[in-house]
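A.B. asks: Here you go, one structure.
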Amino acid sequence: MTEVTKFQTESSWYLDLFAKQFIGSFDTTKYGAIPMIFVGLLPFILTILFFTLKTIKFHVKLIYAIFFTFLIASFYIEALDLFWQGMHTPNMFLHRYAWIFSTLLIYTAAEVLNRLRELKFWNFLVSLFLIVTGFLTTIYLKSHYSFLTDLNILLTLEFLVVYSLLLLAVIKKFISVNLFAILISLFIIVEISLNASSQMDGIAKEWGFASRSAYSRDIPAMESFSTYIGNQFTRTEKLETQTGNDSMKFNYNGISQFSSVRNRSASSTLDKLGFKSSGTNLNLRYANNSILADSLFGIQYNISENPIDKYGFQDVYQKDNLTLYENQYSLPIAFASQSVYNDVKFNEHTLDNQASFLNQLANVNFDYFSPIPYEKTENTDDLISVTSSSNEDAEIQYQIEVPENSQVYLSFTNLHFSNDKQKKVDILVNGEKRLLQLIMSSPSLI
């Protein structure tokens, strides 16, 4: 549940309703977004006309007005905005109920079109005055809406003039209703196409989608690996991921996933066992876990572009630039415990949790992880502070002797960065870079 911390929604302002009616206007799909409510200028014009028609009963207008008011208030009042979304703020694509407002615009516009022959000149003038006033005020105060461009404004004014002339022509009976329908349909198709193109361009720039060739790069090799593995009751993980859902993309069974509809209890438990899933548990990540977790959760195969040095993993198949490694110590997907399983109380230390979990399953009391001595090439205290000049990377070196037939894990706890915009950590082992561009989501790293 998201706590209500303020009255007004983030980044909202008085003229949002008009700002998002400009053709092609696109702000963002992330935090601070204004509701996407555009369905065309004509429905917007006709909705105002709806409330001026005498043939529509007062109580019908009142119900529509209350519904519109409640929806508009929801765009501005944080408590109402959260109410529509189950009291939970989405990570992106905010105001997901905004389609109701757009649908309501279409319904009211349709009611007016059914009464097209009843329109009077004064109905048209009232509607046009309110809309033109709103648009001109928004243009005058567009400093509050940095996403509005001159092209958005020009297109909107041009189509506003066209729709006004067509409505005026049909009201004054200069053209027939049938001709009006044909002309208005043509202009609506052009308008919606221009707006859709702008929205797609905005989303593409904001999210930086991969090209089709880059997205399809590893598919032939991955299909070959799937054929080689054959067994559907095993788990596989690709170490150099392309997406948050590579297992779905390449059709293998894995741990990593991104999902807005997730089991938070399961994901948070896996997080305690080393599969990173912090915050709202949208992401679940395999990377940087231990070989003990590989065995417990049936990770039988790893796929990598680079040679891996994981105890128990042997290369068994290669295709193009990828190599398939098989885990000699993986357990099956399901297995029996030595006795009745009792829940283990997990803490914040993933390796301790793994050891306790395995001991409970096997009814033993073994130590699986132990610290090994290391030497720092620099003489430092327990608190290590590394600085560098503005054009150099800060670095520190350690010397570690790795025991035979074992796996070493480096744990960097309580990492702090003086520059919040630079949180990249590169780890080099024997001069070879092993971890590239690890973006820190927490003050520790294993």
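The values are calculated or read from the model by the stated rules, or taken from the named source; none is laboratory data. Fair warning: this is a prediction, and the values are worked out from it, not measured in the lab. Cβ coordinates were reconstructed from backbone atoms using ideal geometry, including for glycine residues, and neighbour counts include every protein chain displayed.
A.B. asks: Filter the stretch 45-62 down to residues that are assigned to a loop (DSSP other than H, G, I, E, B) and hydroxyl-bearing (Ser, Thr, Tyr), then give me how many there are. Lay out the reasoning, then the answer.
C.D. replies: Of all residues in the stretch 45-62, those assigned to a loop (DSSP other than H, G, I, E, B) come to 51-57.
Add one more test, that the residue is hydroxyl-bearing (Ser, Thr, Tyr), and what stays is 52, 55.
Looking only at that region, the number is 2.
A.B. asks: Can you say whether VAL162 is farther than 14 Å from LEU42 by Cβ and of a type outside the set (D, E, K, R), as far as the supplied structure shows? Before the answer, list the steps.
C.D. replies: On the way: farther than 14 Å from LEU42 by Cβ: no; of a type outside the set (D, E, K, R): yes.
So VAL162 fails the test.
A.B. asks: Among (1) farther than 24 Å from PHE159 by Cα; (2) touching a Phe, Trp or Tyr at 6+ places or on another chain (Cβ under 9 Å); (3) among the aromatic types (Phe, Trp, Tyr), which single condition is PHE44 missing?
C.D. replies: Failed condition: (1).
A.B. asks: What number goes with the only condition from (1) out of contact with any Lys or Arg (no Cβ under 7 Å at 6 or more places or on another chain); (2) more than 21 Å from LEU351 (Cα to Cα) that GLY279 does not pass?
C.D. replies: Unmet condition: (2).
A.B. asks: Right, next: Examine the stretch 31-44 for a residue that is touching a residue at least 24 places away in the same chain (Cβ under 8 Å), assigned to a loop (DSSP other than H, G, I, E, B) and more than 21 Å from THR138 (Cα to Cα), and state whether such a residue exists.
C.D. replies: yes
A.B. asks: Considering only residues that are β-branched (Val, Ile, Thr) and either surrounded by 13 or more Cβ atoms within 10 Å (Cβ to Cβ) or closer than 19 Å to TYR163 by Cβ (or both), which ones fall in the stretch 178-223?
C.D. replies: Of the stretch 178-223, the ones β-branched (Val, Ile, Thr) are 182, 184, 188-190, 192, 203, 219.
Of everything in the stretch 178-223, those that are β-branched (Val, Ile, Thr) and either surrounded by 13 or more Cβ atoms within 10 Å (Cβ to Cβ) or closer than 19 Å to TYR163 by Cβ (or both) turn out to be ILE182, ILE184, ILE188, ILE189, VAL190, ILE192, ILE203.
A.B. asks: So which of SER247, SER226 is crowded, with 19+ Cβ neighbours inside 10 Å and either out of contact with any helix residue (DSSP H, G or I) (no Cβ under 6 Å at 6 or more places or on another chain) or assigned to a loop (DSSP other than H, G, I, E, B) (or both)? First the steps, then the outcome.
C.D. replies: Values: SER226 fails: crowded, with 19+ Cβ neighbours inside 10 Å.
Step by step, each of SER247, SER226 is checked, and only SER247 is crowded, with 19+ Cβ neighbours inside 10 Å and either out of contact with any helix residue (DSSP H, G or I) (no Cβ under 6 Å at 6 or more places or on another chain) or assigned to a loop (DSSP other than H, G, I, E, B) (or both).
Here's the yes/no breakdown for (1) modelled with pLDDT of 70 or more; (2) closer than 25 Å to THR350 by Cα; (3) in a strand (DSSP E or B):
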site: ASN365; (1), (2), (3): yes, yes, no
site: PHE369; (1), (2), (3): yes, yes, no
site: GLU378; (1), (2), (3): no, no, no
site: ASP381; (1), (2), (3): no, no, no
site: SER385; (1), (2), (3): no, no, no
site: SER389; (1), (2), (3): no, no, no
site: ASP393; (1), (2), (3): yes, no, no
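A.B. asks: Another question about this same structure. Pick from the stretch 78-92 the residues that are in a helix (DSSP H, G or I) and not aliphatic (A, V, I, L, M): which of them is surrounded by the most Cβ atoms within 10 Å (Cβ to Cβ)?
C.D. replies: Within the stretch 78-92, the first condition is being in a helix (DSSP H, G or I), and the residues that meet it are 78-84.
This time we only want the ones that are not aliphatic (A, V, I, L, M), so: 78, 81, 83-84.
Numbers: GLU78: 19, ASP81: 24, PHE83: 13, TRP84: 15.
Among them, the one singled out is ASP81.
A.B. asks: Still on this structure: Considering the stretch 321-334 alone, what residues qualify as being over 13 Å from GLU240 (Cβ atoms) and touching a helix residue (DSSP H, G or I) at 6+ places or on another chain (Cβ under 8 Å)?
C.D. replies: Matches in the stretch 321-334: LEU324, ASN327, TYR329, SER330, LEU331.
A.B. asks: Further question: From the residues in the stretch 300-324 that are in contact (Cβ under 8 Å) with a residue 60 or more places away in the chain and part of a loop (DSSP other than H, G, I, E, B), which one is nearest to SER406 (Cα to Cα)?
C.D. replies: Filtering the stretch 300-324 for residues that are in contact (Cβ under 8 Å) with a residue 60 or more places away in the chain and part of a loop (DSSP other than H, G, I, E, B), the one nearest to SER406 (Cα to Cα) comes out as TYR311.
A.B. asks: What is the residue count in the stretch 1-27 for residues that are surrounded by 16 or more Cβ atoms within 10 Å (Cβ to Cβ) and assigned to a loop (DSSP other than H, G, I, E, B)?
C.D. replies: Quick first cut of the stretch 1-27, residues surrounded by 16 or more Cβ atoms within 10 Å (Cβ to Cβ) only: 9, 12, 15-27.
Remaining after also requiring assigned to a loop (DSSP other than H, G, I, E, B): 9, 12, 15, 20-27.
Looking only at that region, the number is 11.
A.B. asks: Right, another one. Return yes or no: is ASN231 among the polar types (S, T, N, Q) and more than 21 Å from ALA287 (Cα to Cα)? Spell out the reasoning first.
C.D. replies: On the way: among the polar types (S, T, N, Q): yes; more than 21 Å from ALA287 (Cα to Cα): yes.
Yes, satisfied.
A.B. asks: Which pairs turn up if I take residues in the stretch 229-242 that are over 24 Å from TYR215 (Cα atoms) and touching a residue at least 24 places away in the same chain (Cβ under 8 Å) and look for partners that are crowded, with 18+ Cβ neighbours inside 10 Å and small (Gly, Ala, Ser) with beta carbon separation below 8 Å, at least 6 apart in sequence or on another chain?
C.D. replies: THR234/GLY298; THR234/SER330
A.B. asks: Being aromatic (Phe, Trp, Tyr), closer than 18 Å to ASP16 by Cβ, in contact with a helix residue (DSSP H, G or I) (Cβ under 9 Å, 6 or more places away or on another chain) and surrounded by 13 or more Cβ atoms within 10 Å (Cβ to Cβ): is that true of PHE75 here? If you could, list the steps in order and put the result at the bottom.
C.D. replies: Working: aromatic (Phe, Trp, Tyr): yes; closer than 18 Å to ASP16 by Cβ: yes; in contact with a helix residue (DSSP H, G or I) (Cβ under 9 Å, 6 or more places away or on another chain): yes; surrounded by 13 or more Cβ atoms within 10 Å (Cβ to Cβ): yes.
Criteria met by PHE75.
A.B. asks: Being crowded, with 19+ Cβ neighbours inside 10 Å, of a type in the set (Gly, Ala, Ser), under 24 Å from GLN232 (Cα atoms) and without any contact (Cβ under 8 Å) to a residue 40 or more places away in the chain is true for just one of SER277, SER290, SER267, SER295. Which residue is that? Step through it out loud before you land on a result.
C.D. replies: Values: SER277 fails: under 24 Å from GLN232 (Cα atoms); SER290 fails: without any contact (Cβ under 8 Å) to a residue 40 or more places away in the chain; SER295 fails: crowded, with 19+ Cβ neighbours inside 10 Å.
After applying the criteria, what remains is SER267.
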